[in-house]
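Chemist: Quick one: the structure is below, and I'll ask about it shortly.
No value in this document is a laboratory result; all are computed from the given coordinates. Every value quoted in this text rests on a predicted model; they were computed, and no experiment measured them. Every residue, glycine as well, gets a Cβ built from its backbone with ideal geometry; the counts of neighbours run over all protein chains shown.
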Amino acid sequence: MRDRELYAKILGLSEPWMVVDVALHVAAKSVTVQLGRDDSSSLACPECGRSCPGYDTQPRRWRHLDTCQFQTILAADVPRCACPDHGVKQVKVPWAEPGSRFTALFERLAIDWMQEAGRSATARQLALSWSEADGIMQRAVDRGLARRPATVTPVLGVDEKSFQGREFVTVVCNLERGTVLHIADGRGSEALKSCYDAMTTEQRAAVEAVAMDMHQPYVLATQNAVPEATIVFDKFHIAKLAGEAVDQVRRAEAKKLADDGDDRLKGTRYSWLRNPLEEDLEQRRKFEPLRSSNLKTARAWAIKETLMDFFGYRQVKRASDFFRSWFGWASRSQLRPIVRLAHTLRSRLGTLLNYCQWPITNAASEALNSKIQWIKYTARGFRSREGFRRAIFFHCGDLDLYPQSF
Ligand SMILES: [Zn+2]
């Protein structure tokens, strides 16, 4: 008798539901709490709430929070009612969402765990199968996306994320909050278009600036969908392109020097790629003579480092003058990768200058990137794009994931 009252209290049960029986299975380390319902109370259609006649009952079981390490199962014969408009429907129970085999409180616990530890570890810890844990995550994300209000976001970041090596998804994020807003398959124009299509007219009209890599499909999709928005090329992406140009110069020169028995460039790859502001004294002391040498690589490096000063200007005129003089230097450098870089950048100068007005970069979503890395790591690979998409929304969507609690 007493444990029935105790469970009724713990479960927060109210009329017409009550605890009928509590069965302890010591060997199996489990507790089954049998719930019953006052037959005289009326049944409500889950769709319209109308009071309807009973049809039949169906036995259902839900996993609940453990009781002192005893796996706890709620069991009940749940009535179905016959609604003239909606047909035969199972009535809602206050402790679980329709169709779930877990109580709302258990799902909350699993969601909390998964946010901290990922899916596999949670499944192990809570004795769930991988697909049960996955189902809880899936319902959480569906719920969160359905509840998400259509708020306006003036500054967006667009980026591609890889998984399984050569598979990509396009991720649109809120750069101010570092949260993921949309995810689409692939990294083409269509992918980004589908993200813009998912936004409301008001949301699209409110977009003022979009940060992205110099990736033409993204540029085109953005110009089409949000023509008023300013496109800003991510400066870290430009730095990466310039770094690659320096690396090409280094590789060719290192080979040539090595043929002549000069190994000055051997093992220096990362010294040229590293941000000089981040190097320590020892690194600087070692690298300085190389940097100020008359090697082609040193010249390419200086051109690259100077280029990055472009992003320090806030006045379009000054930035534009700076670029012109940099372009003159780079284009006459006779270093082929650098000349190519200079021409690529000049053809995009109009957009590059937008940075003066909108000094935004996708690095604002750096925290997001490391989180996505963590997701990939803890998931140990994704079976599908859909699984990857779901996990990103679960961890980075800032969604209201919990089931409705009672
Ligand atoms: Zn109905």
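Chemist: Could you check the simple spin-label distance between ALA252 and ARG318, using points 7 Å along Cα→Cβ, in nm with one decimal?
Modeler: According to this spin-label approximation, the distance is 3.5 nm.
Chemist: By how many nm would the segment from ASP142 to ARG274 grow when fully extended, if each residue of separation counts as 0.36 nm and the alpha-carbon distance is taken off?
Modeler: Gain on extension, ASP142 to ARG274, equals 43.3 nm.
Chemist: Here is a follow-up. Counting each pair of different Cα atoms once, what's the Kirkwood radius of the stretch 218-269 in Å, rounded to one decimal?
Modeler: Here the Kirkwood hydrodynamic radius works out to 13.9 Å.
Chemist: A follow-up question, please. For a quick check: sort TRP62, TRP358 by the number of other beta carbons within 10 angstrom, fewest at the front.
Modeler: TRP358, TRP62
Chemist: Just to verify a number: FRET efficiency for THR201 and SER40, C-beta to C-beta distance, R0 = 41 Å, to 0.05?
Modeler: E(calc), rounded to 0.05, equals 0.20.
Chemist: Once both axes come from the Cα atoms, what is the angle between helix 281-291 and the longest principal axis of the chain, in degrees from 0 to 90, rounded to 10?
Modeler: 40 degrees
Chemist: Roughly what % of Cα-Cα distances in the stretch 172-314 sit above 17 Å, to the whole percent?
Modeler: 69 percent
Chemist: Could you give the angle, 0 to 90 degrees to the nearest 10, between helix 336-347's Cα long axis and the longest principal axis of the Cα atoms of the chain?
Modeler: Roughly 70 degrees, rounded to the nearest 10.
Chemist: Mind sorting LEU341, LEU295 by how few other Cβ atoms lie within 10 Å of their own Cβ, fewest first?
Modeler: LEU295, LEU341
Chemist: By the gyration tensor of its Cα atoms, with a ≥ b ≥ c the square roots of the eigenvalues, what is the shape of the stretch 19-167: rounded for a/c under 1.5, prolate for a/b over b/c, or oblate?
Modeler: The shape class here is oblate.
Chemist: Spelling out what I want: for every residue of the stretch 159-169, take phi, set θ = phi - 60°, compute 6.51 cos²θ - 1.76 cosθ + 1.60 (Karplus), and round to whole Hz; glycine and proline get x.
Modeler: These are the phi-based 3J(HN,Hα) values: 8, 9, 10, 9, 8, 6, x, 10, 8, 10, 10 Hz.
Chemist: How long are the three semi-axes of the equivalent ellipsoid for the chain, computed from the Cα gyration tensor as the root of 5 times each eigenvalue, in whole Å, largest first?
Modeler: 60, 26, 15
Chemist: For the stretch 98-198, taking Cα atoms only, what is the radius of gyration to one decimal and the Dmax to the nearest whole Å?
Modeler: 16.1, 43
Chemist: Now, a different point. Any lysines with Cα under 30 Å of the LYS235 Cα? List them, leaving off those in the same chain fewer than 8 positions away.
Modeler: Excluding near neighbours in sequence, the set is LYS161, LYS193, LYS266, LYS286, LYS296, LYS304, LYS317, LYS371, LYS376.
Chemist: If you bin the C-alpha pair distances of the stretch 298-406 every 5 Å from 0, what whole percents do you get?
Modeler: 2, 10, 15, 13, 10, 9, 9, 12, 10, 5, 2, 1, 1, 0, 0
Chemist: Helix 235-259: angle to the longest alpha-carbon principal axis of the chain, degrees 0 to 90, nearest 10?
Modeler: The helix 235-259 is inclined about 50 degrees to the chain.
Chemist: Follow-up question, since we're still on this one. Which of the lysines could a cross-linker span from LYS92 if the Cα-Cα distance has to be under 25 Å and same-chain partners fewer than 8 positions apart are dropped?
Modeler: LYS9
Chemist: Now for a different question. Please compute the Kirkwood hydrodynamic radius over the stretch 146-208, one decimal place, Å, based on all pairs of different Cα atoms.
Modeler: 12.2 Å
Chemist: Got the relative contact order for the stretch 191-272 handy, in percent, Cα pairs under 8 Å and 6 or more residues apart?
Modeler: RCO, the stretch 191-272: 24 percent.
Chemist: Still on this model: Give the percent of DSSP beta bridges with both residues in the chain that are antiparallel, rounded to the nearest 5.
Modeler: 75 percent
Chemist: Then there is this: Taking the beta-carbon count within 10 Å as an exposure proxy, list THR222, THR200 from fewest neighbours to most.
Modeler: With the fewest neighbours first, THR222, THR200 line up as THR200, THR222.
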